[in-house]
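Heads up, the thing below is written out as structure tokens.
Rule-based calculations on the coordinates, nothing more; no lab input. Everything numeric here is computed off the predicted structure, so don't read it as measured data. Cβ atoms come from the backbone with ideal geometry, glycine included; neighbour counts cover every protein chain shown.
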Amino acid sequence: MNRIAISLAIVAFFAIPSIQAQRKKPSRATTRNPCSKAMSQLELNQCFCDQSTRADAELNHVYQQVLAANAEDKLLSEKLKSAQRAWFAFRDAQLEALYPTVENPRVTYGSIYPMCHCIAEAELTTERTRQLKRMLDEKDGDACN
């Protein structure tokens, strides 16, 4: 009887973590990772930096749409241009704060640095794009926008 109890305890010890792992929902990173097929750090760096480039292109497209939609409002256009310049300064400062090195960042942070930098840059850019899209989606009578 003692051997059965020990055997059950051993089975439970190894089985419970496996069952719990199966119950967990996949993380956002694994479900939305566009670079999941990359097989090397070089491929990951390239893939995530391509994602950042695409995010930047979308930002520029939406920014131009907001400018065009408000072309008749010179004050808004000037304020938006000023805000965009300030946002670029913020983005660059934020990235420098995340990776504060004055020398070669690849030496400091390793071969993963380009990937991490591009991920952070894409996240910041995507958030700014969302902000600009809200300006496009303004409805008459929406007093707060």
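For the listed peptides 84-97, 120-133, a ranking on the average number of other beta carbons within 10 Å per residue, highest first, reads 120-133, 84-97. With unit charges on the beta carbon (Lys/Arg positive, Asp/Glu negative), name the residue among Pro105, Val62, Leu80 whose Cα is farthest towards the positive pole of the charge dipole of region 40-136. Of the candidates, Leu80 comes out farthest on the positive side. Sorted on the mean count of surrounding Cβ atoms within 10 Å across their residues, most packed first, peptides 48-54, 68-74 read 48-54, 68-74. Relative intensity of region 40-136 on a log10 scale, I(q)/I(0) at q = 0.10 Å⁻¹, equals -0.33, per a Debye sum over C-alpha point scatterers of equal strength in the absence of solvent. What FRET efficiency would be calculated for the residue pair Ala38, Ala68, taking the C-beta separation as r and a Förster radius of 35 Å, to the nearest 0.05? My answer for the efficiency is 0.45.
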